[in-house]
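Everything below concerns the one structure shown next.
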Amino acid sequence: MSKQITVRYFAAFRERAGTDAENLRIEADTARDVFERVRDRIGTAEPLAHCKVAVNDELVGWDARVEDGDTVLLFPPVAGG
Amino acid sequence: MSKQITVRYFAAFRERAGTDAENLRIEADTARDVFERVRDRIGTAEPLAHCKVAVNDELVGWDARVEDGDTVLLFPPVAGG
Amino acid sequence: MMRVTRQAIRPDLLRAELFDPAAGAYAAFEGWVRNENEGHEVLRLEYEAYEPLAVKEGEKIIAEARARWPVRHAACVHRHGLLEIGECAVWVGVSAAHRDAAFHACRYIIDQVKIRLPIWKKEHYADGNSGWVSCERCAAHGGTR
Amino acid sequence: MMRVTRQAIRPDLLRAELFDPAAGAYAAFEGWVRNENEGHEVLRLEYEAYEPLAVKEGEKIIAEARARWPVRHAACVHRHGLLEIGECAVWVGVSAAHRDAAFHACRYIIDQVKIRLPIWKKEHYADGNSGWVSCERCAAHGGTR
């Protein structure tokens, strides 16, 4: 069952994707599924453990479920400070 | 052999002695001897280990020798900061 | 109090917000943009932040510090945008009755901020190249350090 | 740089003296006069310092910190005279390439300053009494903390 998901890219992901955000209709149960679906698009070999994900502005684990209409934020490794 | 020693008092010692400094002619080989000589004057039961002493503006141990003409600074327990 | 802003950080003003007659200790940390990283001459840093979540996560970190140590006030401000060498990228301030709590809480907040906030930085090098600082390097070496 | 002064401490100006393009981290500590000590309401503090030796010993402490951790600049200013609640009695600032060195050196300096400098403080209480803070209490509890 495919879902309408808005994916937002940040920093290195945004630059590689060439866009801030896109609307995708994809088959995805979890945040991990979304990431794997766009991995080629953002051209990264970064292990998931180094990245973070938020669904609708809540930081979540990669196993978090995604629903139709959700916004998924994909964060490359952070480096504040 | 007695020596001419200038003794300077600080903080609680100064208040109890009622003076900043005095010139004493005393028998004293070490800084400890000077302290014991004036202990009554500064009315303290403070153990030596909690106090500090300087001879001619150098912090020294209580066994440091004092010479004729030296200035001995007696410091009650410090509390900076 | 957590803020994420494009404005220059003013530690003198921020410090005043932490005054408290019951506070005997104030510990602060600032991350400054330095001119070198791993042998590369750095000209400036570009910070990108996702503000809503950076603020939310920062507030969480500060609450954790307050739960662990008896502090009076604790605050953090992280800047984003283009920063020149010497500019302040992040400020943390903590006031407490005693210095031990102030130091520990301050250190905890900056350590967590560096690894948990959705903030990224791109180094612009003297040789014309630029690159995003990645977490693996970050974990070992810090950013503004 | 160690200073012992009767003038109000200005952390904003002192901090600027530690700027360094190779410094990515700045840690600072301030001791503020607080309104309470061991259940007594404190109205103000009177600090007495023997300046020549306080400066000499402070310089020694700073040199020890510099020998132990890779810091760029380190400085301390201790005030004396009559201080009101909330005033800054002592300031320590350290800039370094990395934050670990900045935090450790800053903590070392304030810890040593509190137990080694020939500086004393007399608390003036709300009940009209006053008393010199002694080292035993100090060792356990700190002064401005």
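Take the residues in the range D:14-40 that are outside any loop (DSSP other than H, G, I, E, B) and modelled with pLDDT under 95, then tell me which one is farthest from the chain's Cα centre (by Cα).
D:H40
Within the range B:58-81, the only residue that satisfies the criterion of being at positive phi and at pLDDT 95 or above is B:G69. Name the single residue that is surrounded by the most Cβ atoms within 10 Å (Cβ to Cβ) among those in the range B:40-69 being at the interface with another protein chain (Cβ under 10 Å from one of its Cβ atoms) and acidic (D, E). Per the criteria, the residue is B:E46.
Out of (1) in contact (Cβ under 8 Å) with a residue 60 or more places away in the chain; (2) within 11 Å of chain D (Cβ to nearest Cβ), the odd one out for B:G80 is which? For B:G80, the exception is condition (1). Exactly one condition in (1) on the phi > 0 side of the Ramachandran plot; (2) free of Cβ contacts under 8 Å to residues at least 12 places away in the same chain is false for B:D40; which is it? B:D40 satisfies all of (1) on the phi > 0 side of the Ramachandran plot; (2) free of Cβ contacts under 8 Å to residues at least 12 places away in the same chain except (1). Taken over the range C:85-98, the residue count meeting the criterion of being at the interface with another protein chain (Cβ under 10 Å from one of its Cβ atoms) and over 17 Å from D:S95 (Cα atoms) is 4. Return yes or no: is A:V72 surrounded by 13 or more Cβ atoms within 10 Å (Cβ to Cβ) and either without any contact (Cβ under 8 Å) to a residue 12 or more places away in the chain or in contact with a Ser or Thr (Cβ under 8 Å, 6 or more places away or on another chain) (or both)? Answer is yes for this residue.
Would you call C:A75 modelled with pLDDT of 95 or more and over 30 Å from D:K114 (Cβ atoms)? No; evaluated as a whole, the condition is false for this residue. Each residue in the range C:21-47 was checked for being buried (at least 17 other Cβ atoms within 10 Å of the Cβ), at the interface with another protein chain (Cβ under 8 Å from one of its Cβ atoms) and either under 16 Å from C:A102 (Cβ atoms) or touching a helix residue (DSSP H, G or I) at 6+ places or on another chain (Cβ under 9 Å) (or both), and 9 pass. Evaluate the following for D:V92: is it crowded, with 21+ Cβ neighbours inside 10 Å and either in contact with a helix residue (DSSP H, G or I) (Cβ under 8 Å, 6 or more places away or on another chain) or in a strand (DSSP E or B) (or both)? Yes: the conditions hold for D:V92. Tallying residues that are touching a Gly at 6+ places or on another chain (Cβ under 7 Å) and either at pLDDT below 95 or surrounded by 21 or more Cβ atoms within 10 Å (Cβ to Cβ) (or both) within the range A:1-39 yields 1. Residue count for the range D:114-134 satisfying the condition of being crowded, with 20+ Cβ neighbours inside 10 Å and either at pLDDT below 95 or in contact with a strand residue (DSSP E or B) (Cβ under 6 Å, 6 or more places away or on another chain) (or both): 6. Between C:R3, C:R72, the distinction of being within 12 Å of the chain's Cα centre (by Cα), of a type in the set (D, E, K, R) and part of a strand (DSSP E or B) belongs to C:R3 only.
Which of the residues that make up the range C:101-113 are touching a residue at least 40 places away in the same chain (Cβ under 8 Å) and not aliphatic (A, V, I, L, M)?
If the condition is that a residue be touching a residue at least 40 places away in the same chain (Cβ under 8 Å) and not aliphatic (A, V, I, L, M), then C:F103, C:C106, C:R107, C:Y108, C:Q112 are the ones that fit.
Residues in the range A:44-69 that are within 18 Å of C:E48 (Cβ to Cβ) and touching a residue at least 24 places away in the same chain (Cβ under 8 Å): A:T44, A:E46, A:H50, A:C51, A:K52.
The values are calculated or read from the model by the stated rules, or taken from the named source; none is laboratory data. As the structure is a computational prediction, the values presented were derived from the model and not from experiment. So basically every Cβ, Gly included, is an ideal-geometry build from the backbone, and we count neighbours across all protein chains shown.
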